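The values are calculated or read from the model by the stated rules, or taken from the named source; none is laboratory data. On a predicted model such as this, the values are computed, not experimentally measured, just so you know. Glycine also receives a Cβ, built like all others from the backbone with ideal geometry; neighbour counts cover every protein chain displayed.
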Amino acid sequence: MRYIDIPVTQEMLDAARDNIEAVRVNRTVASPIDTLTGLIGEFAFGQWFLGDWRKHDVLNTKGKADFYDRIEIKTSAFPFRDTLNLLVREDYAAKRQPECYVQVIINTPDRNARNIKPGWICRISGWARSEDVDAAPLRDFGAKGGGRGGYRCRYIAIRDLRPMDHFPIQITGKE
């Protein structure tokens, strides 16, 4: 179980769109679907981790890690390949230390997707400890549409992440 594939459903998309304004953060935006992408990634991880994505409260995570203040989900919308990277903004990595970062890739038909569609696959691609991220190199990856991003990210290639079948955090009560 190197990767876990979770299909995007219309219900997930509707719930994500309903919550965009409530969870949007004031930061540099790399893509017009950044917030939607992040919410869908959290729902996909929630489906695997909790057994039902609806059990994840996206409205109660501002200022802390996404799941139990222990797991941070990083999601990108790109055609999947294992040379993509887990990216953690330098400023985020400096102020928060979740136990694990998990990379989710929404496998889009092209890198410039401006929407997410039902049936697309969210690939839960691997995880890293905070210590792994802190030791990773830094780079400005630029904006998705081109040009400088204006911030640097710590990065680890997906192929170098730990596989999901070795994910260290378990919860009880997945009912």
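Between Ile105, Ile6, Ile40, Ile20, the distinction of being surrounded by 13 or more Cβ atoms within 10 Å (Cβ to Cβ), in a helix (DSSP H, G or I), in contact (Cβ under 8 Å) with a residue 40 or more places away in the chain and not polar (S, T, N, Q) belongs to Ile40 only. Inspection of the stretch 141-149 finds no residue satisfying the criterion of being buried (at least 20 other Cβ atoms within 10 Å of the Cβ) and out of contact with any Gly (no Cβ under 7 Å at 6 or more places or on another chain).
With respect to the conditions (1) in a loop (DSSP other than H, G, I, E, B); (2) touching a Phe, Trp or Tyr at 6+ places or on another chain (Cβ under 9 Å); (3) hydroxyl-bearing (Ser, Thr, Tyr), Thr83 lacks only one, and its number is (2).
Would you check if there is a residue in the stretch 78-85 being among the aliphatic types (A, V, I, L, M) and in contact (Cβ under 8 Å) with a residue 24 or more places away in the chain? Yes - at least one qualifying residue is present in the stretch 78-85.
Take the residues of the stretch 56-75 that are outside any loop (DSSP other than H, G, I, E, B) and modelled with pLDDT under 95: which is nearest to Arg159 (Cα to Cα)? Among residues in the stretch 56-75 that are outside any loop (DSSP other than H, G, I, E, B) and modelled with pLDDT under 95, the one nearest to Arg159 (Cα to Cα) is Val58. Each residue in the stretch 121-135 was checked for being crowded, with 20+ Cβ neighbours inside 10 Å and either modelled with pLDDT under 95 or among the hydrophobic types (A, V, I, L, M, F, W, C) (or both), and 5 of them qualify. With respect to the conditions (1) in a loop (DSSP other than H, G, I, E, B); (2) in contact (Cβ under 8 Å) with a residue 24 or more places away in the chain; (3) of a type in the set (Gly, Ala, Ser), Ala93 falls short on a single one, namely (1).
Of all residues in the stretch 89-120, which are modelled with pLDDT of 95 or more and either among the hydrophobic types (A, V, I, L, M, F, W, C) or within 16 Å of Arg162 (Cα to Cα) (or both)? Residues satisfying the conditions are Pro98, Glu99, Cys100, Tyr101, Val102, Gln103, Val104, Ile105, Ile106, Ile116, Trp120.
Within the span defined as the stretch 60-80, one or more residues are touching a helix residue (DSSP H, G or I) at 6+ places or on another chain (Cβ under 6 Å) and aliphatic (A, V, I, L, M). Looking at the stretch 145-175 only, could you name the residues that are at pLDDT below 90 and either in contact with a Pro (Cβ under 9 Å, 6 or more places away or on another chain) or hydrophobic (A, V, I, L, M, F, W, C) (or both)? Within the stretch 145-175, Gly145, Ile171 qualify. Selection of first residues in the stretch 45-70 that are closer than 17 Å to Asn19 by Cβ and of second residues that are surrounded by fewer than 18 Cβ atoms within 10 Å (Cβ to Cβ) and among the aliphatic types (A, V, I, L, M), restricted to Cβ pairs under 6 Å at least 6 apart or on distinct chains, gives the following pairs, ordered by first then second residue: Val58/Val23; Leu59/Ala22. When restricted to residues that are of a type outside the set (Asp, Glu) and surrounded by fewer than 20 Cβ atoms within 10 Å (Cβ to Cβ), the stretch 72-88 contains 6.
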